[in-house]
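Worksheet: one structure, shown below.
Throughout, read-outs are computed from the coordinates displayed, never taken from laboratory work. Since this is a predicted model, take the numbers as computed values, not measurements. FYI the Cβ positions are ideal-geometry reconstructions off the backbone, even for glycines, and counts take in every protein chain you see.
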Amino acid sequence: MSEAALESSVAGASVPVAEAVRSTLRPVVRVLLVAAGTLSVALGTLGIFLPVLPTTPFLLLAAYCYARSSRRFYDWLLNNRWFGDYIRNYREGRGVTVRHKAIALALLWATISYSALFAVQIPWVRLMLWGIAVAVTIHLLWIKTYRPEPKVLLPEP
């Protein structure tokens, strides 16, 4: 199967392709992919609170693993109230919402500042932490900002 076909299955564009990939995998491989996907979700969740641990790559890896191993886990991840919209918007090229960027930057600077000011005494490590914070901030600001269409409420008849 071509790499393009595999990628389209991850984006949800071709469900039959994803089903075909899942059906050809050996049970051991499927279990390993589910385990890797679950570990990736756990690390991605930790990454929300730990600024040096990236959230997005782990969640995308989880989607990749689940798409190839378990329809149930894949659907759960993409319909999850915390991760679903985030993953879909990022993967479909729409970007990250202002709210997600603001939360990420606030947590990033709060944890880095605490670490650099109170937990770390070595000057070069402090400097490295500030450098990481600046680099991650630039990266987050560089990512396209997604502005969803406002929902219009229609009056009841």
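The convex hull defined by the C-alpha atoms of the range 95-148 has an orientation-averaged projected area of 3.4 nm². Ranked by how many other Cβ atoms sit within 10 Å of their own Cβ, fewest first, the residues Ile132, Ile112 fall in the order Ile132, Ile112.
With respect to the chain, whose longest principal axis is taken over its alpha-carbon atoms, helix 123-142 is tilted by about 50°. For the chain, the longest principal axis of the Cα atoms and the long axis of helix 56-69 meet at an angle of about 20 degrees. Once both labels are positioned 7 Å from their Cα atoms along Cα-to-Cβ, the gap between Arg94 and Ala42 label points is 3.1 nm.
Relative to the longest principal axis of the Cα atoms of the chain, helix 98-114 runs at roughly 40 degrees. Per residue of the chain, the DSSP helices (runs of n ≥ 4 H) give a summed -39500 (n - 2.57) that works out to -22000 deg cm²/dmol at 222 nm. In plain terms, the residue of Tyr114, Tyr66, Tyr74 with the fewest other Cβ atoms within 10 Å comes first and the most crowded comes last, giving Tyr114, Tyr74, Tyr66.
Once the Cβ-Cβ distance of Tyr114 and Val152 is raised to the sixth power relative to R0 = 41 Å, the FRET efficiency obtained is 0.45.
According to the square roots a ≥ b ≥ c of the eigenvalues of the Cα gyration tensor, what is the shape class of the chain, taking rounded for a/c under 1.5, prolate for a/b larger than b/c otherwise, and oblate for the remainder?
oblate
In terms of packing, defined here as the mean over residues of other Cβ atoms within 10 angstrom, the peptides 116-123, 47-54 line up highest first as 47-54, 116-123.
Annotation for Val28 and Gln121: the two label points, set 7 Å from Cα along the Cα-Cβ direction, are 5.0 nm apart.
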